[in-house]
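The values are calculated or read from the model by the stated rules, or taken from the named source; none is laboratory data. Given the structure is predicted, the values throughout are model-derived calculations rather than measurements. Cβ coordinates were reconstructed from backbone atoms using ideal geometry, including for glycine residues, and neighbour counts include every protein chain displayed. Each accessible area value is taken on the protein alone, full model and side chains, heavy atoms only, with ligands, DNA and RNA left out. Shrake-Rupley method; radii C 1.70, N 1.55, O 1.52, S 1.80 Å.
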Amino acid sequence: MSAPMQRIGLIGGISWAATADYYRYINLDVRQRLGGHHSADMVIRSLDLHPLLQQANDIDAVEQVMRAASDDLQAASASLIAIASFTGHRYAGALKNGALPFVDLTEAIGAAVREAGYERIGVWATSYALQDSTLMSQLSSASGAQLISPPRELHAELDRIVFSEIAAGALTTAATQTLQRLLLQQVEQGAQALLLATTDFSPLLGVLESPVPMLDGSLIHCRAIVDAALA
């Protein structure tokens, strides 16, 4: 008889749309692996994004929010913790050394990139993540690949597209054209794949025309979460 599924503790709400994708991906993966009517044993601590964005560069303050959310999940008998946000991993220091196992998105992506053998990848993320040298260094080290980031003058526009359009389910034609141009530019710079690191970018998989593989950070992370829950 197989071991029982461990309870997943998910910190979400950053944004809620990406968290909804995580809930779907995790449950689809569990059903595919276990069959029947199985679904994930999971508790979600959804945070309010607005105040987090207002204090996004106060690492200590947001880390305290993450620590409190982790405590809530532990109190709800979670057996492992994950954050449904790439940008949210800027504030994961306390969780990585916490009482519960932490399923790190950057490590999961790194393993997938290494397995695929990519040496140069384009990376899309929010400005908070792209301009965080520690987080980007962790991703580069985990993947063993050179990261090709969007030009800095596009960072604010990427934030606007993520938080005002994609998270609201209202991607405009103009935004799609901007992203399509950026994708082709990064391919010209040598990107062998495009990593949608920020979890809100997942809906773009069915929208953009890409000459290289597109890696969905959310999907990669969710598979790693299910791996840990079923271990």
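Derived scalar couplings between HN and Hα for the stretch 158-165 equal 4, 4, 4, 5, 5, 7, 9, 10 Hz in order, rounded to whole Hz, by the Karplus curve 6.51 cos²θ - 1.76 cosθ + 1.60 (θ = phi - 60°), x for Gly and Pro.
Axis angle, to the nearest 10 degrees, between helix 133-143 and the longest C-alpha principal axis of the chain: 80 degrees.
For the chain, modelled as a GNM whose springs connect Cα atoms under 10 angstrom apart, the maximal fluctuation among GLY144, GLY122, GLY12 occurs at GLY144.
Counting pairs of alpha carbon atoms under 8 Å apart in space and at least six apart in sequence, what relative contact order in percent does the stretch 1-110 give? Reported relative contact order: 35 percent.
Report summary: the helix-based calculation at 222 nm, which adds -39500 (n - 2.57) for every DSSP H run with n ≥ 4 and divides by the residues of the chain, gives -14000 deg cm²/dmol.
For the chain, the relative contact order comes to 25 percent (Cα pairs under 8 Å, sequence separation of at least 6). Per residue, the accessible area of the chain comes to 45 Å², computed with a 1.4 Å probe over protein heavy atoms only. With a cut-off of 11 Å between beta carbons, the residues surrounding GLN64 carry a summed charge of -3, where Lys and Arg count +1 and Asp and Glu -1.
For the stretch 33-50, the Karplus equation 6.51 cos²θ - 1.76 cosθ + 1.60, evaluated at θ = phi - 60°, returns couplings of 6, 9, x, x, 10, 5, 9, 6, 7, 8, 10, 10, 10, 8, 9, 8, 5, 4 Hz by residue, with Gly and Pro reported as x. Expressed as a rounded percentage, what relative contact order does the stretch 52-152 have, with Cα pairs under 8 Å and six or more residues apart? Rounded, it is 26 percent for the stretch 52-152. Volume per residue for the stretch 143-194 equals 94 cubic angstrom (convex hull of Cα atoms). Just to confirm the number: angle between the C-alpha axis of helix 105-116 and the first principal axis of the chain, 0 to 90 degrees, nearest 10? The angle comes out at about 60 degrees. By its C-alpha gyration tensor, with a ≥ b ≥ c as the square roots of the eigenvalues, how is the stretch 1-128 shaped: rounded for a/c under 1.5, else prolate for a/b larger than b/c, else oblate? Because a/c hits 1.5 or more and a/b fails to exceed b/c, the stretch 1-128 counts as oblate.
Taking a ≥ b ≥ c as the square roots of the eigenvalues of the alpha carbon gyration tensor, the stretch 60-153 is oblate, as a/c is not under 1.5 and a/b does not beat b/c. Given the alternatives [x] 0.95; [y] 0.93; [z] 0.99, Rg/Rh (Cα atoms, Kirkwood Rh) as computed for this entry is given by [x].
Length gained on full extension, ALA116 to THR178, computed as 0.36 nm times the residue gap minus the Cα-Cα distance: 19.6 nm. 3J(HN,Hα) along the stretch 168-176, derived from phi through the Karplus expression 6.51 cos²θ - 1.76 cosθ + 1.60 where θ = phi - 60°, amounts to 9, x, 9, 6, 8, 4, 4, 5, 4 Hz, with x in place of Gly and Pro.
With all protein chains in place and a 1.4 Å probe, the accessible surface of the chain carries 49 percent carbon and sulfur.
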